[in-house]
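The values are calculated or read from the model by the stated rules, or taken from the named source; none is laboratory data. Since this is a predicted model, take the numbers as computed values, not measurements. Positions of Cβ are generated from backbone atoms using ideal geometry, with glycine treated the same way; all protein chains shown enter the neighbour counts. Each accessible area value is taken on the protein alone, full model and side chains, heavy atoms only, with ligands, DNA and RNA left out. Shrake-Rupley method; radii C 1.70, N 1.55, O 1.52, S 1.80 Å.
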Amino acid sequence: MSISRGLLLSLLLSFALTTFAETHNYAFTVQEQAANRLCKNHRIVNVNGQFPGPTVEVQNGDSVAVKVTNASPYNVTIHWHGLRQLRNPWADGTEFVTQCPIRPGGSYTYKFTIQDQEGTLWWHAHSRWLRATVYGALVIRPKPGSSYPFPTPKVEFPVILGEWWDRKVISVLRQALFSGAAPNISDAITINGQPGDLFRCSSQEGFVSGGFRYDWVTIMDEIAGGGEWWCSGGVAHCYGVKRVILSERNKNDLIEVPSAVLGNLE
């Protein structure tokens with residue numbers, strides 16, 4: 001009898017966890033689009049006309065299906081950086097390692113389940129240098145009934161750092177391969193797709209989220225002020241997730257923001 005009860009409890013627990021889990025469906029269209037940065041017009045590759053791309057928001061235990069349609073002139077794959085693809089390597093998105101690239105005009109659906117992970121990760125293209133503009137945040141929240149490992153924040157938004165070249169990044173890569181020299185360094189650092197205040201033709205107004213405005217100086221000061229970061233793979237390849245505390249302009253109270261995604265676009 002005790003074995004039967006134990007089995008019944010296990011089945012009920014499994015059913016409860018399955019009931020709370022959801023399946024999230026996303027549609028990514030990789031395409032070229034006009035963009036103006038540093039006083040110049042460019043055509044960049046992005047997702048759904050957004051730079052950075054859409055934020056994927058899920059909970060621990062959820063399943064995700066992302067249909068990627070390639071409307072760009074380049075081969076492309078999407079890599080889910082930091083996500084454990086347990087027994088699911090074909091969804092990892094590493095070109096010519098776990099999958100063939102999605103050719104222009106083609107599509108591929110990535111399917112995976114979040115297993116015992118929480119926090120802020122990011123996704124990016126894993127084909128040549130397309131990751132310079134094809135990227136976005138992947139936010140994994142705790143399961144229903146679980147709490148944050150810190151006080152519940154008033155406002156949340158991802159802070160994504162990237163690099164910007166004043167040329168097509170594919171041209172920068174081709175020049176480096178042709179010459180055998182190191183590639184040209186980027187012309188600007190971007191914060192959520194926009195160059196910082198000191199670059200030409202850049203906004204001096206700070207960042208708006210949730211009806212509040214923040215100084216970029218305040219944001220970057222808090223990001224640089226601590227936390228753990230990981231660097232690998234060469235110069236300027238650093239990424240990480242940390243808790244960021246921002247103060248609302250013209251007020252003294254603090255607003256806690258638990259997500260910051262750093263990514264080089266190497």
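Quick notes on this one:
- The residues packed around residue 143, meaning those with a beta-carbon under 12 Å from its beta-carbon, carry a net charge of -3 if Lys and Arg are +1 and Asp and Glu are -1.
- In a simple Cβ point-charge model (Lys, Arg +1; Asp, Glu -1; nothing else charged), the stretch 66-168 has a dipole of about 220 debye relative to its Cα centre.
- When the residues 177, 130, 161 are ordered by accessible surface, computed with a 1.4 Å probe over the protein chains alone, the sequence from largest down reads 177, 161, 130.
- Ordering 62, 187 by accessible surface, largest first, gives 187, 62; the 1.4 Å probe counts only protein heavy atoms, with every chain in place.
- Accessible surface of residue 120 - all protein chains present, 1.4 Å probe, nearest 10 Å²: 10 Å²
- Directionally averaged projected area (convex hull, Cα atoms, the stretch 25-174), nm²: 9.9 nm²
- Backbone amide hydrogens, once placed in the peptide plane, bring residue 37 within less than 5 Å of 42, excluding anything fewer than 5 places away on its chain.
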